[in-house]
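**Student:** I'd like to ask some things about the structure below.
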Amino acid sequence: MVYNDFGHWISQQFPFKIQKISIDAGFSCPNRDGRISFGGCTFCDNKTFSPAYTNRANSIAEQIEKGKSFFKRKYTNMKFLAYFQAFTNTYAPLDYLKALYEEALMQDDIIGLVIGTRPDCVNEDLLNYLAEVNRTKFVLIEYGVETIHDATLEHINRGHSFESSAEAIRMTHEKGLLTGAHMILGLPRENKDMILQQADIMSALPIDILKAHQMQIIKGTALAKEYATTPFHIFSVEEYIELIAEYLSRLRPTIVIDRFVSEAPKDLLIAPQWGLKNYEFTNLLANYLKKNEISQGCKYNPITTI
């Protein structure tokens, strides 16, 4: 493998096929409800990644059953991870969170949790509880880091600093929990050098899994309005392949890559209009890496302070 692929990695953790089932548990975010600010992140529209079977009007159990039915049409011998995906899935009192997580874990064939959240919405009590769950179940905490640059975080109305992300990642790792980070490559006002610096910095943090994707402009978002009035550079397919190849080359080899591209629904996407399915992009990237003899970590240069 020229990079440490999540699919290959997860297949080594279990003797059966694993699929994430996305759940919308009805959460909000502190930059939506006024605790920090209003409006949410300028790029955000959860409809771009929420499967059709998710509906916050349904219970956790109902959403899981719909998800299982959706995936079992394709595969039989399969177990599932309950993926609390939409908005900030630790943004509630601990007792309430426990009830939701435990409802998910009670369902047949659910073997663990993947929890998407913000770094400023975790605390030691929550992580201690999840560490206990982790004794018998698979638990992955996935932090929306998005970028290492505080000026960008402020510009996109994220509402937290990069140091907040670094602190949450360290604390989660110290509890023995699998720790993931979500990044966006190509945010406004960030150039190639700033993005590649991200690979160096994130490699210095104790993350286990990295999920990255290209900047996408989604209809109806604040970022779409900004793009219409003050356009910024959006990567072409060729540019993004070159960027990802260099990014991978500088990334710590032990980091598992969950993904490096995303495909928003065509009716919501303004740019970039690549016209590629995710697997088609992956094939193009694999060919580029092979042709240029690039592998994950081939230029990795450890740094000790960030």
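Every number here is computed from the coordinates shown, using simple stated rules; none is lab data. It should be emphasised that the depicted structure is a prediction, and the values quoted were computed from it without experimental measurement. All Cβ positions, even for glycine, are placed from backbone atoms using ideal geometry, and neighbour counts span all protein chains on display.
**Student:** Pull up the DSSP beta bridges for the chain and report the antiparallel fraction as a percent, rounded to 5.
**Tutor:** Percentage antiparallel, nearest 5: 10.
**Student:** Moving on. Please express the shape of the stretch 186-306 as an equivalent ellipsoid: the semi-axes are the square roots of 5 times the eigenvalues of the C-alpha gyration tensor, given largest first in whole angstrom.
**Tutor:** Rounded to whole Å, the semi-axes are 26, 18, 12.
**Student:** Continuing with the same structure: Could you tell me the convex hull volume per residue, in Å³, taken over the Cα atoms of the stretch 9-88?
**Tutor:** About 119 Å³ per residue, rounded to a whole number.
**Student:** 7 Å from Cα along Cα→Cβ at both Phe16 and Glu174: what's the point-to-point distance in nm?
**Tutor:** Those two pseudo-labels are separated by 3.7 nm.
**Student:** Work the Kirkwood hydrodynamic radius out for the stretch 83-170: mean of 1/r over every pair of different alpha-carbon atoms, inverted, in Å.
**Tutor:** Numbers: mean 1/r = 0.0722 Å⁻¹.
Computed over Cα pairs of the stretch 83-170, the Kirkwood hydrodynamic radius comes out at 13.9 Å.
**Student:** In nm, give the distance between the simple-model label positions of Glu124 and Leu276, each being 7 Å from the Cα along the Cα-to-Cβ direction.
**Tutor:** If labels sit at Glu124 and Leu276, their model points lie 4.6 nm apart.
**Student:** Consider a paramagnetic label point 7 Å from the Cα of Lys72 along Cα→Cβ; state which residues of the stretch 1-33 have an amide N under 20 Å from it.
**Tutor:** 15-24
**Student:** Next up: Could you list the trypsin sites (Lys or Arg not before Pro) in the stretch 152-220 that lie in coil according to DSSP, counting only those with at most 16 other Cβ atoms within 10 Å of their Cβ? All intermediate terms of the calculation are to be shown ahead of the outcome.
**Tutor:** Values: sites: Arg158, Arg170, Lys175, Arg189, Lys192, Lys211, Lys219; in loops: Arg158, Lys175, Arg189, Lys219.
For trypsin sites (Lys or Arg not before Pro) across the stretch 152-220 that sit outside H, G, I, E and B with at most 16 neighbouring Cβ atoms in 10 Å, the list reads Arg189, Lys219.
**Student:** Would you mind giving the three semi-axes, in whole Å and largest first, of the ellipsoid equivalent to the stretch 66-114 according to its Cα gyration tensor?
**Tutor:** Equivalent ellipsoid of the stretch 66-114: 24, 12, 7 Å, largest first.
**Student:** For the stretch 24-174, what are Rg and Dmax over the alpha carbons, in angstrom?
**Tutor:** Taking only Cα atoms of the stretch 24-174, I get Rg and Dmax of 15.9, 47 Å.
**Student:** OK, next. Mind jotting down the distance between the C-alpha centroids of the stretch 120-180 and the stretch 236-286, whole Å?
**Tutor:** For the stretch 236-286 versus the stretch 120-180, the Cα centre distance is 24 Å.
**Student:** What is the spread of the Cα atoms of the stretch 177-238 along each of their three principal axes, largest first, in whole Å?
**Tutor:** Principal extents (largest minus smallest coordinate, Cα): 41, 24, 20 Å.
**Student:** Hey, another quick one. How high is the relative contact order of the stretch 6-291, in percent, with contacts defined as C-alpha pairs under 8 Å that are six or more residues apart?
**Tutor:** Relative contact order comes out at 17 percent.
**Student:** Let me ask something additional. Which residues in the stretch 165-202 have a backbone N closer than 14 Å to a point placed 7 Å from the Cα of Thr254 along the Cα-to-Cβ line?
**Tutor:** 173-174, 176-179
**Student:** To the nearest 500 deg cm²/dmol, what mean residue ellipticity at 222 nm is calculated for the chain from DSSP H runs of n ≥ 4 alone, each contributing -39,500 (n - 2.57), summed and divided by the residues?
**Tutor:** Theoretical 222 nm ellipticity from helices: -11000 deg cm²/dmol.
**Student:** How long, wide and thick is the chain, going by the Cα atoms along their three principal axes, in whole angstroms, largest first?
**Tutor:** The principal-axis extents, from largest down, are 46, 44, 42 Å.
**Student:** What FRET efficiency would be calculated for the residue pair Ala61, Glu293, taking the C-beta separation as r and a Förster radius of 45 Å, to the nearest 0.05?
**Tutor:** Working: r = 49 Å, r/R0 = 1.10.
Calculated transfer efficiency: 0.35.
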